[in-house]
1. Mind listing the Cα extents of the chain along all three principal axes, in Å, largest one first?
2. Around residue 147, which amide H atoms from residues at least 5 apart in sequence, or from another chain, sit under 5 Å from its own amide H, with H modelled in the peptide plane?
3. Quick check for you: which residues of the range 158-188 have the amide N under 20 Å from the point 7 Å beyond the Cα of residue 80 toward its beta carbon?
4. Which angle from 0 to 90°, rounded to the nearest 10, does the C-alpha axis of helix 171-182 make with the longest principal axis of the chain?
5. Per q in 0.14, 0.18, 0.22, 0.25 1/Å, what log10 I(q)/I(0) does a Debye calculation on the alpha-carbon atoms of the range 36-132 return?
6. Among the trypsin sites (Lys or Arg not before Pro) in the range 86-176, which ones are in a DSSP loop with at most 11 other Cβ atoms within 10 Å of the Cβ? Mind listing them?
7. Note down the magnitude of the dipole of the chain about its Cα centre, charges +1 on Lys and Arg C-beta and -1 on Asp and Glu C-beta and zero elsewhere, to the nearest 20 debye.
8. Assuming a viscosity of 1.306 mPa s and a temperature of 10 °C, what translational diffusion coefficient in µm² per second does Stokes-Einstein assign to the range 94-174, Rh being the Kirkwood radius over Cα pairs?
Amino acid sequence: MRRLVVGCLMMAGFMSANQVAAQGQSLLDYTVRKLNDDTTINLGQEYRGKVLLVVNTASKCAFTGQYEGLEALHAKYKDQGFAVLGFPSGDFGNQEYREEGQVQEFCRTTYGVKFPMFAKSHVIGDSADPFWKHLISESGTSPKWNFYKYLIGRDGQVIDSFASYTGPESSGIINQVEAALATELPSS
């Protein structure tokens, strides 16, 4: 038993805390709360087999206009098994409203956002929410600013990440979304 514990501690020394926490857990196997709501969902149960674009959003950022493009992308491909998932965050420049009701109202009335939005989240550092810690570990990169994007394939694996300045209407994102949608899950 002592060797097992020492071996685990040695392995932990070679892996980041995020890798240790995420070991053995599916990337989408997290329960999150919907924005301005007490309802929670398990991402894996809700979005299994779908192509996802996960985005950390902010309502008072120079990139906030991307809400429009994200909603258009979501609307165009949602019937093919695609979803944009928004996670408001104030981690960068505190550029998100304090109250979730304000975030929800702003997104709906200003940009007509209908894609799923979740509770305000910490997306960087030691205080990052568990889903984000795992996403960072799997992708090898953490958000550098608001509207950083992660594309996740039908198999639940990270395909790519995109910098904040890469808009949702960019050919790089659209081409990869379409390629991911064309990929079928292997039969189990």
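Readers should treat all values here as calculations from the given coordinates under stated rules, not as data from a laboratory. Everything numeric here is computed off the predicted structure, so don't read it as measured data. All Cβ positions, even for glycine, are placed from backbone atoms using ideal geometry, and neighbour counts span all protein chains on display.
1. The principal-axis extents, from largest down, are 59, 41, 31 Å.
2. Correct list: 56, 57, 58.
3. Only 158-162, 167-186 pass the distance filter.
4. 70 degrees
5. One equal scatterer on each Cα of the range 36-132 leads to -0.51, -0.86, -1.26, -1.49.
6. Values: sites: 98, 108, 114, 120, 133, 144, 149, 154; in loops: 98, 114, 120, 144, 154.
When the trypsin sites (Lys or Arg not before Pro) of the range 86-176 are filtered for loop state and at most 11 Cβ neighbours within 10 Å, 98 remain.
7. Numbers: 17 positive and 20 negative charges, 76 e Å.
Taking the Cα centre of the chain as origin, the dipole is about 360 debye.
8. Numbers: Rh = 14.2 Å.
Rounded, D is 111 µm²/s.
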